[in-house]
Amino acid sequence: MDPQALPDPTTFARRRRTGSADQTRALGAALGEVARPGDAILLHGPLGAGKTCLVQGLCDGLGIADEVISPTFTLVNRYPGPVVVDHLDFYRIEPEHDLGDIGVLDILDELDAGRTLLVAEWPNLLVPLLPSRLELLAVPGDAPDDRWWYIRGVPDLPPAWADMFDEAVPPC
């Protein structure tokens with residue numbers, strides 16, 4: 001699988017539109033109110049789609065005071081707070097790269113133990129390692145700041161998460 005391939009929006013259960021960066025951060029903050037340690041949140045979307053903006057809101061909603069920045073160059077940013085958040089970015093990671101070299105296997109152990117909340121951008125390399133996960137896909141809309149946020153849960157989408165996405169994805 002291409003590590004940067006984007007999933008088909010029609011494979012997602014629900015969606016919601018945001019019309020500005022502030023609305024994207026507000027959606028993230030609302031997600032932060034239902035997110036829990038042990039959750040794995042995978043963010044798909046093209047460059048500039050607002051994934052890090054959503055994570056900024058998520059961390060605000062979790063009560064994390066640190067400045068949240070893209071982990072594109074650091075690969076992993078850890079944010080301590082009432083809930084520890086490990087924010088990962090796999091955009092520059094090749095499929096043959098040993099994920100243990102960048103600490104991912106340790107983070108997965110922390111996730112399994114319920115000691116961290118994992119959020120990953122460009123997460124295709126993680127999908128086979130996470131049998132339980134929430135996936136969001138950002139699709140730019142017609143206006144510069146418009147985004148459609150699609151969500152699905154594997155194996156299931158928790159009701160509290162589904163309730164924040166007000167529209168069923170139309171069949172193709």
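The values are calculated or read from the model by the stated rules, or taken from the named source; none is laboratory data. Nothing here was measured: the structure is a model prediction, and the numbers come from that model. A quick note on method: Cβ atoms are made from the backbone with ideal geometry, for glycine too, and the neighbour counts reach across all protein chains shown. In case anyone asks, the SASA skips ligands and DNA or RNA and just uses the protein heavy atoms, side chains included. Shrake-Rupley method; radii C 1.70, N 1.55, O 1.52, S 1.80 Å.
For this structure, a couple of remarks:
- Enumeration of residues in segment 84-96 that are under 20 Å from D39 (Cα atoms) and modelled with pLDDT under 95: L88, D89, F90
- Any chance R147 is under 16 Å from the mean Cα position of the chain (by Cα), under 15 Å from L6 (Cβ atoms), modelled with pLDDT of 95 or more and crowded, with 16+ Cβ neighbours inside 10 Å: yes
- Being in a strand (DSSP E or B) and either open to solvent by 20 Å² or more (accessible area, probe 1.4 Å) or of a type in the set (A, V, I, L, M) (or both) is a property that L111 lacks.
- Residue count for segment 130-156 under the criterion of being in contact with a helix residue (DSSP H, G or I) (Cβ under 9 Å, 6 or more places away or on another chain), hydrophobic (A, V, I, L, M, F, W, C) and outside any strand (DSSP E or B): the result is 1.
- L27 meets all of the listed conditions (1) of a type in the set (A, V, I, L, M, F, W, C); (2) out of contact with any Cys (no Cβ under 8 Å at 6 or more places or on another chain); (3) more than 21 Å from S132 (Cβ to Cβ); (4) free of Cβ contacts under 8 Å to residues at least 60 places away in the same chain but one, namely (4).
- Residue pairs whose Cβ atoms lie under 6 Å apart, separated by 6 or more positions or on different chains, with the first residue in segment 51-65 and of a type in the set (S, T, N, Q) and the second in a loop (DSSP other than H, G, I, E, B) and open to solvent by 30 Å² or more (accessible area, probe 1.4 Å), are T52/S70.
- When R25, R92 are screened for being open to solvent by 30 Å² or more (accessible area, probe 1.4 Å), in a loop (DSSP other than H, G, I, E, B) and at negative phi, only R92 passes.
- Residue selected from segment 28-47 under the condition under 19 Å from G81 (Cα atoms), not acidic (D, E) and not in a helix (DSSP H, G or I), by the criterion most open to solvent (accessible area, probe 1.4 Å): R36
- For the residues L99, L126, L105, the requirement of being aliphatic (A, V, I, L, M), at pLDDT 90 or above and over 21 Å from G50 (Cα atoms) singles out L105.
- Count of segment 69-79 residues which are open to solvent by less than 30 Å² (accessible area, probe 1.4 Å) and either of a type in the set (K, R) or touching a helix residue (DSSP H, G or I) at 6+ places or on another chain (Cβ under 7 Å) (or both): 2
- Residue that is farthest from the chain's Cα centre (by Cα), among those in segment 61-93 that are of a type in the set (A, V, I, L, M, F, W, C) and within 24 Å of Q23 (Cβ to Cβ): A65
- Residues that are of a type in the set (A, V, I, L, M, F, W, C) and either under 20 Å from F12 (Cβ atoms) or surrounded by 13 or more Cβ atoms within 10 Å (Cβ to Cβ) (or both), drawn from segment 48-68: A49, C53, L54, V55, L58, C59, L62, I64, V68
- Restricting A138, A168, A162, A120 to those that are hydrophobic (A, V, I, L, M, F, W, C), over 16 Å from the mean Cα position of the chain (by Cα) and either modelled with pLDDT of 95 or more or on the phi < 0 side of the Ramachandran plot (or both) reduces the list to A168.
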